[in-house]
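**Student:** Next up is a structure, given as structure tokens.
Just so it is clear, none of the values below were taken in a lab; they were calculated from the coordinates. Being a predicted model, the structure only gives us computed values, none of them experimental. All Cβ positions, even for glycine, are placed from backbone atoms using ideal geometry, and neighbour counts span all protein chains on display.
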Amino acid sequence: MGDDEDMTTMSSEAWDARYAASSNVWSITPNEFVVEFLSEMPAGRVIDLAGGEGRNALWLAARGWQAEVADFSQVALDKFLSRAAEEGLADKCFATLADATHPTAYKLAPADLGLIAYLQIDAAGLSNAIVSLTEALAPGATLFGVWHERENLTRGFGGPQVPEMLPTKDELAAACERAGLRIRTLEIRERHFETDGVARVGIDVVLAATR
Ligand SMILES: C[S@@+](CC[C@H](N)C(=O)[O-])C[C@H]1O[C@@H](n2cnc3c(N)ncnc32)[C@H](O)[C@@H]1O
């Protein structure tokens, strides 16, 4: 996400404190791969798992989607709902306090789109999250995800600095197989951005799959 802090092993309380400490922890614009892959999708119902302050969900809601952000940080969810109200999107936006790694009764299930952006947790937890989100999707729906990939440790900037929190393509493929997802795209992509006027590159992995 172009962020240089280590977000490993953070509890919901630690995330709450982080979200409370600044007005926008992440950029307010959607992730560039979300825009690239999802711009053409017809509006429907999206569940943004670990959606934080909701930058991606708000972008989709502005395009006509009904958007649910699920996150284990109540502070992040409150910020998402405040911004939805400010932008006149309150009737399209829903929030669910949930641990992504546990089965959850999502409000917008069955959804047309499941979204996961930078949920950097260990492979077992991420596999559980992908299974849980897939169960909330309609047959034929899309699951789209983007993460800092393991190569980011050696040739990328920012993100967690321990390999276990940086999924590989193989780990994501195994999670998709367990969830019953058919992979359409699973590729490593570079993301170019600036921090403090310095050009940086992030190494991400992007997934698009069909339930
Ligand atoms: C790096 S932020 C990404 C936020 C958002 N997806 C985005 O791209 O702007 C990671 C988010 O994951 C959430 N998170 C981390 N572990 C979680 C878990 N086990 N269950 C639910 N949310 C979690 C954090 O609260 C945080 O909002």
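**Student:** By how many nm would the segment from Arg63 to Arg182 lengthen if fully extended, with 0.36 nm per residue of separation less the alpha-carbon distance?
**Tutor:** Working: separation 119, 0.36 × 119 = 42.84 nm, distance 2.62 nm.
Contour length minus Cα-Cα distance gives 40.2 nm.
**Student:** Using only the Cα atoms of the chain, construct the convex hull and provide its projected area averaged over every direction, in square nanometres to one decimal. Walk me through the numbers before you get to the answer.
**Tutor:** Working: hull surface 41.7 nm².
With every direction weighted equally, the projected area is 10.4 nm².
**Student:** For segment 106-165, run through the trypsin sites (Lys or Arg not before Pro) and keep only the ones in DSSP coil with at most 16 other Cβ atoms within 10 Å of their Cβ. Show your work: numbers first, answer last.
**Tutor:** Values: sites: Lys107, Arg150, Arg155; in loops: Lys107, Arg150.
Here the trypsin sites (Lys or Arg not before Pro) that fit, given the DSSP loop and packing criteria, are Lys107.
**Student:** Could I ask something else about it? Whole number please: convex hull volume per residue, Cα atoms of segment 1-105, in Å³. Walk me through the intermediate numbers first.
**Tutor:** Numbers: hull volume 11.1 nm³, N = 105.
So the per-residue Cα hull volume is 105 Å³.
**Student:** Same structure, new question: Classify segment 79-187 from the C-alpha gyration tensor, please: rounded if a/c falls under 1.5, else prolate or oblate depending on whether a/b exceeds b/c. Working shown, then result.
**Tutor:** Working: a/c = 2.03, a/b = 1.34, b/c = 1.52.
Here segment 79-187 falls in the oblate category.
**Student:** Express the relative contact order of segment 76-140 as a whole percentage, based on alpha carbon pairs under 8 Å and six or more residues apart in sequence.
**Tutor:** Details: 47 pairs, mean separation 22.0, N = 65.
Reported as a whole number, the value is 34 percent.
**Student:** Using the 10 angstrom Cβ neighbour count as an exposure proxy, how do Met165, Met10 rank, fewest first?
**Tutor:** Going from sparsest to densest Cβ surroundings: Met10, Met165.
**Student:** Which peptide among 184-190, 203-209 comes first, and what is the full order, when sorted by highest mean count of other Cβ atoms within 10 Å?
**Tutor:** Values: 184-190: 13.4, 203-209: 22.7.
Ranking the peptides 184-190, 203-209 by packing returns 203-209, 184-190.
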